[in-house]
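Quick notes on the structure that follows.
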Amino acid sequence: MIRETEIIRRIQQGDTGQFESLFRSSYVFLVRYAKSIIRDHDSAEEIVQDLFFRLWQDREKIKIESSLNGYLFRAVHNRCLHWIEHNRVIEKHIQEMSLKEPERTENPAEIIQYKELQLKIARILERLPERCGRIFCMNRFEGLKYTEIAEKLSVSVKTVEANMGKALKEFRKELKENERENK
């Protein structure tokens, strides 16, 4: 049996076979653990898949000072906490938006359109990757600037810009589809 330090070293050197072996041996347990925290199987799988994607992407920079399993479970735990926080922000936004009435209208048709728009926004936010949706909410609903978001999330401003671009692209795509449906 290979020691953990050797597994980590091989992955850092780009050994796809070793990485796949780690993925196959850990995936089910990590998804179960994530699901026990967030109670959503699909999101639990997404969290674990994203973890492995990032692990592979950043393999050369990774420093694992505890056991490999300990590292993976801690990373899943932290990602689940971020997922919960992200969903709280979305829920808070939905609640705030549902309390606000359109300011300049009393026309029932416009009120219905406004509420439908709120639901579409919520659906798009749910489809976005966790960090992307979180960044969008922090910018658009909390009014934070890109530099403030980057500082809070410990990411670069370029990462914030890229995620905002991805979120806005999704919103534009959805709006174009709605325009086609309404014609």
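Structure above, values below:
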read-out: Residue among Ile7, Val31, Val48 farthest towards the positive dipole end of the chain, charges placed on Cβ; value: Ile7
read-out: Helix 16-38 vs. the chain, principal-axis angle (Cα, 0 to 90°, nearest 10); value: 50
read-out: Loop-located trypsin sites (Lys or Arg not before Pro) in segment 35-80 whose Cβ has at most 15 other Cβ within 10 Å (DSSP); value: Arg39, Lys61, Lys63
read-out: Over the chain: helical MRE at 222 nm, DSSP H runs n ≥ 4 each giving -39500 (n - 2.57), nearest 500; value: -27000 deg cm²/dmol
read-out: Farthest toward positive dipole pole in the chain [+1 Lys/Arg, -1 Asp/Glu at C-beta], among Val76, Ile135, Gln118; value: Val76
read-out: Crossing angle, helix 68-99 versus the chain [Cα axis fit, 0-90 degrees, rounded to tens]; value: 0
read-out: Added length on full extension, which subtracts the Cα-Cα distance from 0.36 nm per residue, Leu68 to Ile2; value: 22.5 nm
read-out: Under 13 Å from the Cα of Lys35 - aspartates and glutamates, other chains or at least 8 residues apart; value: Glu45, Glu46
read-out: Segment 49-86-segment 14-31 distance, computed between alpha-carbon centres (Å); value: 13
read-out: Subset of Lys61/Lys92; Lys115/Lys158; Lys120/Lys152; Lys63/Lys158 violating a 30 Å alpha-carbon distance limit; value: Lys61/Lys92; Lys115/Lys158
read-out: Projected label distance in nm at Arg54 and Glu148, using a 7 Å step from Cα toward the beta-carbon; value: 2.3
read-out: Crossing angle, helix 157-182 versus the chain [Cα axis fit, 0-90 degrees, rounded to tens]; value: 50
read-out: Net length gained if the chain between Ser36 and His77 were fully extended (0.36 nm per residue, minus Cα distance); value: 13.7 nm
read-out: Where labels lie 7 Å past Cα in the beta-carbon direction, separation of Glu161 and Ile112 in nm; value: 4.4
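Every read-out reported here was derived from the displayed coordinates using simple, explicitly stated rules and does not represent laboratory data. Note that the structure is a prediction, hence the values are computed from the model and not measured. As a convention, Cβ positions derive from the backbone with ideal geometry for all residues, glycine included, and neighbour counts pool all protein chains shown.
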